[in-house]
Structures are given as C-alpha cells and as structure tokens.
Amino acid sequence: MKRVDCPADRISSSPEETIALGEEFGKQLPPGSVVALTGTLGAGKTVFTRGIALALGIGEEITSPTYAIIGEYEGRIPLYHMDAYRLAGDDDFRLAGAEEYLYGEGICVIEWPERLTLLPGHAIRVTITIRDDGKRRFHREGNS
Ligand SMILES: Nc1ncnc2c1ncn2[C@@H]1O[C@H](COP(=O)(O)OP(=O)(O)OP(=O)(O)O)[C@@H](O)[C@H]1O
Ligand SMILES: [Mg+2]
C-alpha cells in the first residue's frame, strides 16, 4: 500500500480546517484503506470524516453513525463510516456484519477503534487531541 503522508502531525484551528485536513488525507487513500480515528468525545472525528467524504466525491451529509454502527456512502470509492462507541467489543462488531467491510474495496473510517482488537494490521491510526487552547492536533501512525 502506498504511503499516506498526511496528517502526520498537523494542527487545526477550526472545523473548516479539520474538513480541509480530512480532504487532503482522503485524497491519498487507496481502495481498501482502514482508518482508525481515536479522540475524545467532540474531538472532531466526524468532522474529519466529512473531509474524507468530500475527497471521495460524496455530496451526502456525513452524520454520526452511533446508532446505525455503519453509515454507507457511495462515492468514487465507497465510504463505510463506523462508530464502535456503543459496542462491547469485537463480537458486537462482527454481529453487526461490520468485519467483512474491513477487507473490502471501500474505505473504512472507524470512530472509537479502541473498543476493538480485530482491526487489520494495515489500519492507519489517526489520533486527535484537543489542546488546552481548543485547537486540534492530528497525529498519524502506521502505514509508513
Ligand atoms: N478544530 C476543530 N476541528 C474539529 N471540530 C472542531 C474544531 N474546533 C471546534 N470543533 C467542534 O467540535 C465538535 C467536533 O464534533 P465531532 O462530531 O466531529 O466529534 P467526534 O470526535 O466525532 O465526537 P464523538 O466521539 O462524540 O463522535 C464540533 O461541534 C465542531 O464544531
Ligand atoms: Mg463522531
């Protein structure tokens, strides 16, 4: 898989900047990518995912998939936006039929991936931290 350079370590001062970061990042994602987005409540995971969706040519509004577990969006590459917040663990994720998407041709973005241990080794891990000044720091690990 090609190297994804962004965001290795970036700061966002606003939701708009976070969307732009997500778009820049999303443009580099090949089909089959799995993005594990870690960060506290309100860190900006869903906002960042909106930017990824824009990069994939998705016009539809990305909403929080908390209750649905998976939001499916048709784009240049399909986007599967998942939220593991309410899951007890891997078994719940499997029962929701979500595991097979991780090995498909779409792009999976997973919020609250720390609830799961079954994520594939090729997952790109992005951590969002809210700084004391309210700005968001994006840090990327994996896939390098
Ligand atoms: N720099 C920023 N980047 C992203 N969001 C920001 C930023 N500054 C403020 N915000 C606000 O923070 C909130 C982020 O919400 P978002 O739904 O993306 O969080 P989340 O990480 O998905 O949370 P949850 O775990 O509840 O799903 C929004 O209300 C947004 O307007
Ligand atoms: Mg969210």
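The values are calculated or read from the model by the stated rules, or taken from the named source; none is laboratory data. Quick caveat, the model's predicted, so the values are computed rather than measured. Every residue, glycine as well, gets a Cβ built from its backbone with ideal geometry; the counts of neighbours run over all protein chains shown.
Numbers for the structure displayed
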{"quantity": "Subset of the range 71-106 [hydroxyl-bearing (Ser, Thr, Tyr), under 15 Å from Lys45 (Cβ atoms) and buried (at least 19 other Cβ atoms within 10 Å of the Cβ)]", "calculated": "Tyr80"}
{"quantity": "Set Ala36, Ala43, Ala53: member being closer than 20 Å to Arg125 by Cβ, small (Gly, Ala, Ser), over 12 Å from the mean Cα position of the chain (by Cα) and modelled with pLDDT of 95 or more", "calculated": "Ala43"}
{"quantity": "Every residue from the range 49-92 that is without any contact (Cβ under 8 Å) to a residue 40 or more places away in the chain, within 12 Å of ligand 1 (Cβ to nearest atom) and assigned to a helix (DSSP H, G or I)", "calculated": "Arg50, Gly51"}
{"quantity": "Some residue of the range 117-126 being assigned to a strand (DSSP E or B), surrounded by 16 or more Cβ atoms within 10 Å (Cβ to Cβ) and either within 15 Å of ligand 1 (Cβ to nearest atom) or of a type in the set (D, E, K, R) (or both)", "calculated": "yes"}
{"quantity": "Checking Glu100 against (1) touching a helix residue (DSSP H, G or I) at 6+ places or on another chain (Cβ under 7 Å); (2) more than 18 Å from Ile19 (Cα to Cα), the condition it does not meet", "calculated": "(1)"}
{"quantity": "Residue within the range 130-137 that is over 23 Å from Leu21 (Cβ atoms), at pLDDT 95 or above and away from ligand 1 (no atom under 12 Å from the Cβ) present", "calculated": "no"}
{"quantity": "Filtered residues of the range 41-70 (kept if crowded, with 20+ Cβ neighbours inside 10 Å and of a type in the set (Ser, Thr, Tyr))", "calculated": "Thr46, Thr49"}
{"quantity": "Candidates Thr46, Thr40, filtered to the one that is polar (S, T, N, Q), assigned to a helix (DSSP H, G or I), within 12 Å of ligand 2 (Cβ to nearest atom) and under 18 Å from Arg140 (Cα atoms)", "calculated": "Thr46"}
